[in-house]
Amino acid sequence: MKILSIETSCDDTAISIMNAKRSTTSTSFTVLANNLNSQIDIHIPYGGVYPVLAKREHNKNLPIVLEASLIQAKLNKKKKPVDAIAVTYGPGLEMCLWEGISFAKDLAQKWKVPLIPVNHMEGHLFSVFGKDKGKFTIPNSTSSGQAKIKLPALCLLVSGGHTQLVLIKKPASTKINLGWPIDYKIIGETLDDAVGEAFDKVARMLNLPYPGGPQISKLAEEERKHLKELEDFSGPRFSGSLPQPDHEKSSNSFNAKDNDPEKISFSFALPRPMLHSKDFNFSYAGLKTAVLYLIQKIGPKETLSEEVKSKIALEFENAAIECLVYKTQKAIEKYEIKTLIVAGGVAGNIHLKREMLAMAGKNIKVLFPAKGLSGDNALMIGIAGYLN
Ligand code: KG4
Ligand code: ZN
């Protein structure tokens, strides 16, 4: 069965076409086309996604991306080229979602094929099984053998709009059993900002371009490497001054004249909000505000030196990710989790991946999206659409 999928929940216009085949133990997908038109350049001057512009771009680009995808998949748009259409219905920017939904509806009517609404976050969850080209197979959670996805599984969804811990306990008991549980329970989520949103806002405070997540991540990684080199060279230079894991509050003994990276590394620590709360929830607004206060003390963002920016980026990333890893670990212990899935735009963060793999150890299977599939894409919508 051929499935065409459409994703327009934010600032990417994405379409994919796959051929899906089901067996008793797994589902195999062949990617026939996978295209994405990114609007990043258009939104950079606004420092974030400007919804009216995003809607206009989706409207303009959807027919173009469709045409390219059908040509790539060697399908004729005049005949019925696919057997079903999957489309993101939410969550996302409403006016952007409607562009994709109306486009998908028109195509479904024209080709007389069913339309499958897909939840964007469920799409992210299934992204970990995909590849952006060629073939891939998703084993059933109910099948046996090595490839089996063992339950209970836990999924950490981290994007620009969400930070959720989702528990996947038992296989679905639907009549047509595609082998995947549609039985999810959200056991924890952010009480305010999403983690990706915090990355983007902190990046803006540091005068870094949109989207800020990858920019912060790049600066932090370089700074981490730099500190490691210094440490290898002269011993643990910063011991005792870096924030401790139970550091829920921020501290900064910062002096307004100290725009000096050497002093800053010794003089501030950002908070790890809700690290020891008894639930699985998160909070990122306080961490973001702590960065704001720190920057206000140092001076106007336009005057921050590259070194200062790097040190703030590193400490912010450490704090943000420590909260994710710690709460995930607690949930793994409580629910005796066998498979951990980490997905969403922030799953592309190198430090998050490294820390999660180290925390999970050898006994838990950890799945991250393949390169190109952590951010928004249509392929994940096609997978979730088919399995639904
Ligand atoms: O899933 P996604 O592409 O869109 C939403 O559904 O929101 O996630 C986008 C978010 C943005 O906030 C972006 O800054 C963040 O993911 N992001 C990152 C990284 N790459 C993307 N955050 C931290 N580190 C990264 N490497
Ligand atoms: Zn997303």
- Considering only strands (runs of 3 or more DSSP E) fully contained in region 1-87, which possess at least 1 residues that are more than 14 Å from residue 104 (Cα to Cα) and touching a Gly at 6+ places or on another chain (Cβ under 9 Å)? 12-22, 26-38
- Checked region 30-54 for anything closer than 15 Å to residue 129 by Cβ and under 22 Å from the mean Cα position of the chain (by Cα); matches are 31, 34
- Condition test on residue 109, is it free of Cβ contacts under 8 Å to residues at least 24 places away in the same chain, polar (S, T, N, Q) and away from ligand 1 (no atom under 16 Å from the Cβ)? yes
- Got a number for residues in region 58-98 being closer than 19 Å to residue 123 by Cα and more than 16 Å from ligand 2 (Cβ to nearest atom)? 3
- Filter region 182-222 for residues that are part of a helix (DSSP H, G or I) and within 16 Å of ligand 2 (Cβ to nearest atom) and give the result. 195, 196, 197, 198, 199, 200, 212, 213, 214
- Total residues in region 101-127, condition more than 13 Å from ligand 2 (Cβ to nearest atom) and not polar (S, T, N, Q): 15
- Task: May I ask you to list pairs of residues, at least six apart or on different chains, whose Cβ atoms are under 9 Å apart, with the first in region 194-222 being at positive phi and the second being away from ligand 2 (no atom under 16 Å from the Cβ) and not in a helix (DSSP H, G or I)?
- Result: 207/304
- Task: Of the conditions (1) more than 16 Å from ligand 2 (Cβ to nearest atom); (2) part of a helix (DSSP H, G or I); (3) farther than 25 Å from residue 278 by Cβ, residue 328 clears all except one; give me its number.
- Result: (3)
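Computed from the coordinates by the stated procedures, all read-outs in this text should not be read as laboratory data. All figures in this text were calculated on a predicted structure; none of them were measured in a lab. Cβ atoms come from the backbone with ideal geometry, glycine included; neighbour counts cover every protein chain shown.
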